[in-house]
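Notes to accompany the following structure.
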Amino acid sequence: MKAVVMAGGEGTRLRPLTSNQPKPMVPVVGKPCMEHILELLRKHGLEDVIVTVAFMPQAIRGYFGDGESLGLNIEYSVEESPLGTAGSVRLASDRLDETFLVISGDALCDVDLTELIDTHKQKGAAVTIGLKSVENPLEFGIVVTDDQGRIERFLEKPSWSQVFSDTINTGIYVVEPEALSHVPTEGPYDFSKELFPLLLEMGRPMYGHVLDGYWQDIGNLDQFRQANFDALDERVQLDIGGIRLRGNIWLGEGVEVDDLDAIEGPAYLGNYCRVAPDASVGAYSVLGSSVTLLERARTERSVIDAATHIGRSARVDGAVVGRACDIRAHAHVHEGAAIGDEVTLGAQSAVLPQVRIYPYKEVETGAQIHESLIWESRASTNLFGKDGVSGLVNVDLTPETAVRLAAALGTALKRGARVVASRESPAACRMIKRAMISGLNSTGVDVADLRVLPASVSRHLLKSEGYDAGFHIGVSISDPEVLEIRFYEQPGIQLTAGLQKEIEKHYTRLELRRAAFNAVGSVTYPARVRESYAQDLLASLDAEAIRARRFRLVVDYGYSASSYVLPLLLGPLGVEAVSAHGFAADGGEPPTGLREAVGQGKRLVSAIGADLGVVFDRAGERLFLIDEQAREIPVEQALLLFLRLIGSDGQQGKLAFPITVTSHVDELVEGSDLEVIRTPASLAELTKAAAGDGVIFAGAVGGGYVFPEFLPAYDAVASLCKLLELLAPVERPLSELVAELPASTLVHRQVPCPWSLKGAVMRVLTERLRDRDVDLLDGIKVFDERGWAQLLPDPDEPLVHIYAEGATEEASAELEAELRGLVEEIMESEGATAAAGASS
C-alpha cells in the first residue's frame, strides 16, 4: 500500500519558526516533524510514499531526496496553486490505483497505522478516518459515529455551543482511489469540509476508527514546544538519536560537556553541541546540532535550533529559538518568546514574554523588546530618537503604540496634570493624536486639543497658560509615511532627558497608572489660541518700525498650519505678502518638496519685486530665506545673518549654538556685549539652554531659530517677524548684508559604524587624543592651529558624524580626512579583535 504525506502547509501560526521553512520541517527532538512521520510509515510497512508539497517545496525535497536514507521510496507531487487537502492528493491520483493512506507531515503521532488499515479492509469502507478524543475540540473537525463505527455526522471547527463530541478528525485517512473521482480537477477542495460530507450524503460507506497512542497537531508555538516536551517524556514513541544517559538525557555525536551534572533531564542535545564550564542545561531543554552555551549560560523548557550561540551568562527560559542565532552575553529570552533564524540579540538585551522576533533582525545592546519585531531590521535600546518618537504609520507607530506611549507620559506626570496637543493635517496624524489623547485620559490627565495648528502655538499655550506638557504629531521631512511625535515641557522647551527616561521606563515596564471610573481625564478645545499667540508676539515686536519699512514678501507656507497664524500678524505689521502652498486639508494636495518650494519662491520674488522670500517647513518650525535677487541664502549664512543683525542692533545677552556650528559665530560677536555659549548637538539641549537666564537668541544650521523672550523653541512665524524687526532699521538690500558675511568652510561627513563598535571607537579615540586640545562636551572635538574636527555618534543609525572647519576649504578637508582615517583604523582594529574573541 502507498502512503500520501501532505506536506504543503505554510504554518503561519508558527511564525517566525516557519518564516524560512515549511511547517513539516519544524524540528522535534533534532529531526523534522515529517521525518518522524516517515519513520512511522516505514515501521508499519508503508515504504512507497508520495509527498504533496506547495510552500518552499525544495526545502523538503533537498532534505529527504528519494528517501533511500530512510529505507523508503519517495516521490513528490507539487501544487502550483492552492488545491486544498483533497485537491493536492487528487493531483497525484495517476499514481494511486489501489487503496492508500493519507497522513499529515506536520502532526506528530505514534498511532497504530496497521490497525487502522485492517479496520478499513474489514469494513469494506470507501474512506476510514482516524479519530482521537481531545480535551479541546474547537480547533478540529468533530466526527460522530454509530456503534459500528459508521460515520453519521461531521462538523468542521465548531464553537462551544456546537460541540456534540470530543472525537476529532486527525487527518489520517485510508481511502479507496475511486473516492478521488469526486474531487474537481480545478480549484481548492478539502477532504473534511467538502469531499467527506459529499460521500456521506451519497451513502458511501465511511467509517471512523478511534486511534490509540499519541497524536498532536503542531499548529502553534505552544503546541510545538509541548510536542518536544512530550517526546522527552516519552509520551510519544519516537526514534530519538544519540546515546541515552540517566534514563531521560539524550546526547548526540560529538557533544562536549564539561560536567554531565550540569544537564538536568529530561533533555536532548544534538550532535556537536558544546556546554562550557559553569553553563547548565535545565529540564525540558531541546538543543539542535552545534548549539553552544558559553560559561554560566542556561536554558530551560526551551527548544533551540541548530548552530545557535548562547553567550556568557545568557538565559533562555521557556522560549523557541531558530537556527544560527547569536544571543550575546547576559541577554535574557523570556517565557513564550519566539525568535526566528539568524537573529542577533545584543549583550544585556531582554526579549519579554510572548514577543516574536522574525528572522535576520538585530537587537541592540541593552534593548528591552516588549512587542514583536517583524518589519524593522533593528531594535533600538531607546524609544526616543533625537527629536522624539517616530516610525512608519501602522507599522512601527500604530494606535496601540500611541496609546501606550501616551499612558507612559501620563504616568510620568502627576494625576490631574494638563497636556496640550496639536497636529499636522494628514488623517494619519489625526488617528495617532486621538489615540494619544485616549492614553493620557486613561491615566487621569486632562488634554487641551488644539487640532490642526503649528507646534509653536501649542508650545506658547504651554508657556502662557501653565500646562504641564505638550505633544505635536507631524510628518517626517524625509519620508511622508513616517510620523513624528515631538514632546515638550515647561516653558515650551523640547523634552528633557529626565522626563524622557521616565516615559521610557513606564513604557518598557508597562507600569502604567490607570484612573478610576470617575477620575478619567477630560478633553477640552480652547478657543482663540491663534489670536492669543498673535497678540503676544505682536507685543514683543517693534511694530511701528516694521510698518514704516513697508515690506513686500513672498511666503511659501509649505502646506503647514502656519497659514492659520501668520496672516493675523502680517496685517497689523503692514506687510504686503504673496503666499503659496497654504494649509492642505485632509486628503488634499500632496506637499511640495522643499527644493520645489524654494524654486517657486525664487520665481515669485522676481515676479513681484519682493524684499525677500521665505519658505516654511511642514511643521512650521524652520525658515528658509531668499534674497531680493531671487537667490537662496544658505542655512549657514542665514544663521550668521541673524547673528550680525542682532549684534548691529546693540543688544546684550547670551547666544546659544550647538557645538557643531561654525566658529564664525564667535568671530562675529568679538568686541560686542554678546556672549556665545555652546550646547551639545541636540535640539533638547539647545532649547533647554535657550530657556536659561540672559539668552536672547539660539539657533542651529538647518533653518531653526529661537527667540526665547517669546518662546524657547523653533518657530518659523516668530523667526520671520523677528527678522523683519531686525531688518526694519537697516536701509540696505538683503543681498548686500549676506555678501558681507564670512563664507563657511565647515564640512560634514557621515561614516558607517556598526553599533557594536561605536563605544570602542569613542573610547580608543579619547585615549589617542588625550594629549591634544580636546572638548568633550558632546562627542570628541579636537583643536589645533588649523582649526577643529569633531566626532559625534549618531543616536539612531549605525554611523558617526565627522565635522571639521579650518581657515580654508582645503584645511577643513584635511582635518576631516585625518579624523576619518583614525576612526576607520580603530574600527578595523577593534572589529578584528571582536571577531577573534567571538571565534574563540
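The values are calculated or read from the model by the stated rules, or taken from the named source; none is laboratory data. No experiment lies behind these values; they were computed from the predicted model shown. Cβ coordinates were reconstructed from backbone atoms using ideal geometry, including for glycine residues, and neighbour counts include every protein chain displayed. With ligands, DNA and RNA removed, areas are computed over all heavy atoms of the protein, side chains included. Shrake-Rupley method; radii C 1.70, N 1.55, O 1.52, S 1.80 Å.
A crude spin-label estimate for the pair Ser464 and Gln226, with each label 7 Å from Cα along the Cβ direction, gives 6.3 nm. In this structure, the residue pairs whose Cα-Cα separation is over 31 Å, taken from Lys602/Lys688; Lys688/Lys758; Lys23/Lys758, are Lys602/Lys688; Lys23/Lys758. The heavy atoms of Glu424 offer some 10 square angstrom of accessible surface to a 1.4 angstrom probe. Placing dummy labels 7 Å off each Cα toward the beta-carbon, the span from Asn394 to Gln148 is 5.7 nm.
Label reach from Arg552 (point 7 Å along Cα→C-beta): in segment 733-776, amide nitrogens under 20 Å belong to 733-737. Segment 462-496 and segment 309-372 have their alpha-carbon centroids 33 Å apart. Between Arg732 and Val78, the contour length at 0.36 nm per residue exceeds the alpha carbon distance by 227.4 nm. For segment 520-558, the set of trypsin sites (Lys or Arg not before Pro) satisfying both a DSSP loop assignment and a count of at most 15 other C-beta atoms within 10 Å is given as Arg528, Arg550. Rounded to the nearest whole Hz, the Karplus-based 3J(HN,Hα) values (6.51 cos²θ - 1.76 cosθ + 1.60, θ = phi - 60°) of segment 89-95 follow the sequence 6, 4, 4, 9, 5, 5, 9, with x at glycine and proline.
The phi torsions of segment 310-317, fed into the Karplus equation with coefficients 6.51, -1.76 and 1.60 and a -60° offset, translate into couplings of 10, x, 4, 6, 7, 10, 10, 10 Hz, rounded to whole numbers, with Gly and Pro shown as x.
Accessible area of Asp771 (1.4 Å probe, protein heavy atoms only, ligands and nucleic acids ignored): about 150 Å².
The modelled label-to-label distance between Gln652 and Ser672, using points 7 Å beyond Cα along the C-beta direction, is 1.5 nm.
Across segment 641-656, rounded Karplus estimates of 3J(HN,Hα) from the backbone phi angles (6.51 cos²θ - 1.76 cosθ + 1.60, θ = phi - 60°) give 4, 4, 5, 4, 5, 5, x, 6, 7, x, 6, 10, x, 9, 10, 10 Hz, Gly and Pro being marked x.
Close amide H partners of Val210, meaning residues 5 or more places away or on another chain with modelled amide H under 5 Å apart, are Leu131. Available extension along the chain between Ala743 and Glu785 is 13.2 nm, counting 0.36 nm per residue and deducting the alpha carbon span. Distant-in-sequence amide contacts of Val447, defined by a placed amide H-H separation under 5 Å and a gap of 5 or more residues or a different chain, comprise Val419, Ser522, Val523, Thr524. Sequence-distant contacts, meaning Cα pairs under 8 Å at least 6 residues apart, place the relative contact order of the chain at 6 percent.
Each residue was assigned an accessible area with a 1.4 Å probe, and for Thr679 the value is about 10 Å². Between Glu511 and Ser372, the FRET efficiency estimated from the beta carbon spacing at R0 = 22 angstrom works out to 0.60. Looking at segment 344-435, the chymotrypsin sites (Phe, Trp or Tyr not before Pro) that sit in a DSSP loop and have at most 12 other Cβ atoms within 10 Å of their own Cβ are Trp375. What the Cβ-Cβ distance of Asp258 and Glu234 gives, at R0 = 45 Å and to the nearest 0.05, is a FRET efficiency of 0.95. Rolling a 1.4 Å probe over the protein heavy atoms of the chain, with every protein chain left in place, gives an accessible area that is 47 percent carbon and sulfur. If you sort the three axes of the alpha carbon gyration tensor as a ≥ b ≥ c, you get a/c under 1.5 for segment 255-325, which makes it rounded. The separation of segment 389-437 from segment 631-662, counted between C-alpha centres, amounts to 35 Å.
Protein heavy-atom accessible surface, 1.4 Å probe, per residue over the chain: 41 Å².
Within a straight-line Cα-Cα reach of under 19 Å, Lys193 can be paired with the following lysines, leaving aside sequence neighbours fewer than 8 residues apart in one chain: Lys132, Lys157. Less than 5 angstrom separates the built amide H of Leu453 from those of Arg423, all sequence-distant by 5 or more or on a different chain. The length gained by stretching the chain between Lys386 and Ala527 to full extension, at 0.36 nm per residue less their Cα-Cα distance, is 47.5 nm.
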